[in-house]
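Q: Shown below is the structure under consideration.
The values are calculated or read from the model by the stated rules, or taken from the named source; none is laboratory data. Values in this document were obtained by computation on a predicted structure and should not be read as measured data. Neighbour counts run over all protein chains shown; Cβ positions are idealised from the backbone, glycine included. Side chains included, ligands, DNA and RNA excluded: accessible areas come from the protein's heavy atoms. Shrake-Rupley method; radii C 1.70, N 1.55, O 1.52, S 1.80 Å.
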Amino acid sequence: MFDSVHLSVSVILALLSLAPLLRVQHWLIRGLDFPRFQLAVLLAFWLLIGLFYFESFALTESLSMAILGLTLARQLWWIIPYTRLFPVEVEATSDKSVAHIKIMTANVLTPNRNSEQLIRLIKHNQPDVIITLESDNWWQQQLAAIEEVYTYSVKVPLDNLYGMHLYSRLPLHNSEVRYIVENDKPSIHSWIELESGERIKAHFVHPAPPSPSENEESTERDAELLRLAEEIDEKHTPTVVAGDLNDVAWSRTTLLFRKMSGLLDPRIGRGMFNTFHANYWFARWPLDHIFHSHHFALVKVERLPPFGSDHFPLLTELALKPELNSPTDAPEPDAADQELARNLRQQL
């Protein structure tokens, strides 16, 4: 009896794990990209249960164990790059003689009213640039307290959970607010002048997730990231992309974005830096991201303490040191990726 139950649960776990491989945009399928780590833990646990309880390995038992082993290996293939078991993609540096930029991303959660704690985090960590997401007029009023230091800003207060504010102590140039795909989902694009006088291009985004309360399919989110990727000139322009992508680092969509844009992920080889959900330790994944061109080396990346939002803030410090990384370090699109990108373009 137990062998049949074990096989049934093994098949269910395998289906949940492998479903995101389907080219289906519905939120039920795309959402299964998120809990890959949690599913890997369940697969490993159920595999150990089988090893402990099975007295022999007849056909049913062997099939169940094979399904679990192969599915677990597939899950680990996706998530191990975001652990210390994998080589880093971005080289580290402690060189203080080159230009640095410290960027803090914080999804504030619109109903959250704990602005004082966020301001304390800002004052303690002293980022050069702050991007807030889900910030409305109330948050704009509270964040006026930092404008004495952060004298440059771009403000897009909205009450639809997609407002955003950019604050910088470094000069901003040619800033613009764009609505790349949906007319109520803004993104901010700006040149930032470093203390050395050099300029970098920054893109701050927050596309909508696939969900029953937002877009039933991931098409809009995927298309926004793809369109942004196509306009990035990562070989010649120092570039940073940051924000809440409403997607995990290892998903097909984010990997396609990185391949098409040529940007690097400083978390690879260092950790997942799960930023959501701040209130549930057992259901966390990396939704807030920072990617950059090969021109930068990593000084540090860290998840900051919670401040009442459902997201943790993310703090990343980069150094303009292009000799440490090569443009060829970034993943490159293959024929299947190019076809997927073409299909996404045709859907909108």
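Q: The conditions are (1) in contact with an Asp or Glu (Cβ under 6 Å, 6 or more places away or on another chain); (2) open to solvent by less than 50 Å² (accessible area, probe 1.4 Å), and His26 fails exactly one of them. Which is it?
A: So His26 meets the others, but not (2).
Q: Can you tell me which residue within region 79-104, out of those that are closer than 30 Å to Trp46 by Cα and open to solvent by less than 30 Å² (accessible area, probe 1.4 Å), is nearest to the chain's Cα centre (by Cα)?
A: So, considering only residues that are closer than 30 Å to Trp46 by Cα and open to solvent by less than 30 Å² (accessible area, probe 1.4 Å), the one nearest to the chain's Cα centre (by Cα) is Tyr82.
Q: Further question: Could you give me the residue pairs with C-beta distances under 8 Å whose first residue belongs to region 61-81 and is within 15 Å of Ile268 (Cβ to Cβ), whose second residue is in a helix (DSSP H, G or I) and open to solvent by 50 Å² or more (accessible area, probe 1.4 Å) wherever it lies, and which are 6+ apart or on separate chains?
A: Here the result reads Ile79/Phe37, each pair linking region 61-81 to a residue that is in a helix (DSSP H, G or I) and open to solvent by 50 Å² or more (accessible area, probe 1.4 Å).
Q: Looking at region 100-120, can you tell me whether even one residue there is under 25 Å from Pro238 (Cα atoms), without any contact (Cβ under 8 Å) to a residue 12 or more places away in the chain and of a type in the set (Lys, Arg)?
A: No, the conditions are met nowhere in region 100-120.
Q: Follow-up question, since we're still on this one. Out of all the residues in region 152-179, which are part of a loop (DSSP other than H, G, I, E, B) and either under 17 Å from Val108 (Cβ atoms) or touching a Gly at 6+ places or on another chain (Cβ under 6 Å) (or both)?
A: Pro157, Leu158, Asp159, Asn160, Leu161, Tyr162, Gly163 - these are the residues of region 152-179 that are part of a loop (DSSP other than H, G, I, E, B) and either under 17 Å from Val108 (Cβ atoms) or touching a Gly at 6+ places or on another chain (Cβ under 6 Å) (or both).
Q: Considering each residue of region 118-145, count those that are part of a strand (DSSP E or B) and of a type outside the set (A, V, I, L, M, F, W, C), and give that number.
A: The qualifying residues number 1.
Q: Confirm whether Gln142 is at pLDDT 95 or above and touching a strand residue (DSSP E or B) at 6+ places or on another chain (Cβ under 9 Å).
A: Criteria not met by Gln142.
Q: Among what's in region 117-171 and is of a type in the set (Lys, Arg) and in contact with a helix residue (DSSP H, G or I) (Cβ under 9 Å, 6 or more places away or on another chain), pick the residue that is surrounded by the fewest Cβ atoms within 10 Å (Cβ to Cβ).
A: Filtering region 117-171 for residues that are of a type in the set (Lys, Arg) and in contact with a helix residue (DSSP H, G or I) (Cβ under 9 Å, 6 or more places away or on another chain), the one surrounded by the fewest Cβ atoms within 10 Å (Cβ to Cβ) comes out as Lys123.
Q: Okay, next question. Hey, does region 12-22 have a residue that's assigned to a loop (DSSP other than H, G, I, E, B), at pLDDT below 95 and either over 30 Å from Ala223 (Cβ atoms) or of a type in the set (A, V, I, L, M) (or both)?
A: Within region 12-22, one or more residues are assigned to a loop (DSSP other than H, G, I, E, B), at pLDDT below 95 and either over 30 Å from Ala223 (Cβ atoms) or of a type in the set (A, V, I, L, M) (or both).
Q: Can I ask one more? Look through Glu148, Glu182 and report the one residue that is within 16 Å of Gly243 (Cβ to Cβ), among the acidic types (Asp, Glu) and part of a loop (DSSP other than H, G, I, E, B).
A: Exactly one of Glu148, Glu182 is within 16 Å of Gly243 (Cβ to Cβ), among the acidic types (Asp, Glu) and part of a loop (DSSP other than H, G, I, E, B), namely Glu182.
Q: For region 90-99, which residues satisfy the criterion of being part of a loop (DSSP other than H, G, I, E, B) and either in contact (Cβ under 8 Å) with a residue 12 or more places away in the chain or closer than 27 Å to Ala278 by Cβ (or both)?
A: Scanning region 90-99 gives Val90, Glu91, Thr93, Ser94, Asp95, Val98, Ala99.
Q: Then there is this: Answer with yes or no whether Ser309 is within 28 Å of Gly197 (Cβ to Cβ) and out of contact with any Gly (no Cβ under 8 Å at 6 or more places or on another chain).
A: The answer is no for Ser309.
Q: Taking region 251-285 on its own, how many of its residues are in contact with an Asp or Glu (Cβ under 7 Å, 6 or more places away or on another chain) and open to solvent by less than 20 Å² (accessible area, probe 1.4 Å)?
A: Going through region 251-285 one residue at a time, the tally reaches 14.
Q: Another question, if that's okay. Regarding Phe52, is this residue assigned to a helix (DSSP H, G or I), free of Cβ contacts under 8 Å to residues at least 12 places away in the same chain and within 21 Å of Arg284 (Cβ to Cβ)?
A: No.
Q: A further question on this structure: From the list Leu72, Leu68, Leu7, which one is in contact with a Gly (Cβ under 8 Å, 6 or more places away or on another chain) and either crowded, with 18+ Cβ neighbours inside 10 Å or among the acidic types (Asp, Glu) (or both)?
A: That would be Leu68, the only listed residue that is in contact with a Gly (Cβ under 8 Å, 6 or more places away or on another chain) and either crowded, with 18+ Cβ neighbours inside 10 Å or among the acidic types (Asp, Glu) (or both).
Q: Mind checking which residues of region 185-202 are outside any loop (DSSP other than H, G, I, E, B) and open to solvent by 10 Å² or more (accessible area, probe 1.4 Å)?
A: Listed by number, the residues that qualify are Trp191, Glu193, Arg199, Lys201.
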